[in-house]
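> Submitted below is the structure of interest, expressed as structure tokens.
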Amino acid sequence: MERLSALYAQALFEFALERDAFGEFLDQAVFLRDALMDEDCLRMIKHPHIPASEKHELYRSLFSGHINNELLGFLFLVTDKNREAYLLPALEALIALIQRHQGRVTANISFATELSDGQISEMKQALSGRLGKTVEISLKVDPSIIGGPYIFVDGYYLDWTVRSRLREMTSSMKELKHS
């Protein structure tokens, strides 16, 4: 699935490149991805017994005037080929391609609690300085990590969570016990 999603994303990226419209494509791809992440919408789009023509009509009613013809055509193409499962991965890949081209990345960060705007800003600055790119933050609250951050950015991850450190300590203690 990843390969075909990447091919769709690359084709859309090339449309944006030809038109020098990265800002438009990025904004619209984010809008479309967020809209399609709605469970009810996604369930209908992936439903095998709803005809493509009805899905096309849904796309027109929801997205006409909000996305360009290339993205709307992409929705039609994927639907006509019964590849609706590729929609979100392709949009995610397109967003990443455009951001990378613009020298931007998104850092997916998990913390046990909410962060203040100041903490998020400090994190953005630190990661931007370290990576030499503009960093956007996608924050997720996950109480199970107990404390410390889990950061995934630009293909790298840092796991400084209390949960992972406790696992490491437990593993080390088991090894010592068995030696």
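The values are calculated or read from the model by the stated rules, or taken from the named source; none is laboratory data. Fair warning: this is a prediction, and the values are worked out from it, not measured in the lab. Please note: Cβ atoms are built from the backbone with ideal geometry, for glycine as well, and neighbour counts cover all protein chains shown.
> Could you check segment 85-126 and list, in sequence order, the residues that are acidic (Asp, Glu) and in a helix (DSSP H, G or I)? Write out each step before concluding.
Applying the first criterion (acidic (Asp, Glu)) to segment 85-126 yields 92, 114, 117, 122.
Glu92, Asp117, Glu122, listed by residue number.
> Quick one: which residue in Ala35, Ala52, Ala6 is more than 17 Å from Leu88 (Cβ to Cβ) and at pLDDT below 95? I'd like the intermediate steps shown before the answer.
On the way: Ala35 fails: more than 17 Å from Leu88 (Cβ to Cβ); Ala6 fails: more than 17 Å from Leu88 (Cβ to Cβ).
On inspection, the qualifying residue turns out to be Ala52.
> Also: Do you know which residues across segment 71-128 are out of contact with any Leu (no Cβ under 8 Å at 6 or more places or on another chain) and among the β-branched types (Val, Ile, Thr)?
Of everything in segment 71-128, those that are out of contact with any Leu (no Cβ under 8 Å at 6 or more places or on another chain) and among the β-branched types (Val, Ile, Thr) turn out to be Thr79, Thr106, Thr113.
> Also, quick follow-up: With (1) in contact (Cβ under 8 Å) with a residue 60 or more places away in the chain; (2) on the phi > 0 side of the Ramachandran plot as the list, and Asp20 as the residue in question, which single condition is left unmet?
For Asp20, the exception is condition (1).
> Could you count how many residues in segment 13-26 are charged (D, E, K, R), in a helix (DSSP H, G or I) and over 14 Å from Ala93 (Cα atoms)?
3
> Then there is this: Within segment 135-150, is even one residue in a helix (DSSP H, G or I) and polar (S, T, N, Q)? Break it down stepwise before answering.
Restricting attention to segment 135-150, the residues satisfying the condition of being in a helix (DSSP H, G or I) are 143-145.
Next cut, polar (S, T, N, Q) only: 144.
Yes: segment 135-150 contains one or more residues that are in a helix (DSSP H, G or I) and polar (S, T, N, Q).
> Within segment 14-30, track down each residue that is under 19 Å from the mean Cα position of the chain (by Cα) and either surrounded by fewer than 21 Cβ atoms within 10 Å (Cβ to Cβ) or more than 13 Å from Asn68 (Cα to Cα) (or both). Full working, then the answer.
Within segment 14-30, the subset under 19 Å from the mean Cα position of the chain (by Cα) is 16, 22-30.
Within segment 14-30, Phe22, Gly23, Glu24, Leu26, Asp27, Val30 meet the criteria.
This table checks each residue for (1) under 21 Å from the mean Cα position of the chain (by Cα); (2) at pLDDT 90 or above; (3) surrounded by fewer than 16 Cβ atoms within 10 Å (Cβ to Cβ).
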site: Arg83; (1), (2), (3): yes, yes, yes
site: Leu88; (1), (2), (3): yes, yes, no
site: Ile95; (1), (2), (3): yes, yes, no
site: Arg100; (1), (2), (3): yes, no, yes
site: Glu114; (1), (2), (3): yes, yes, yes
site: Arg130; (1), (2), (3): no, no, yes
site: Thr161; (1), (2), (3): no, no, no
site: Met169; (1), (2), (3): no, no, yes
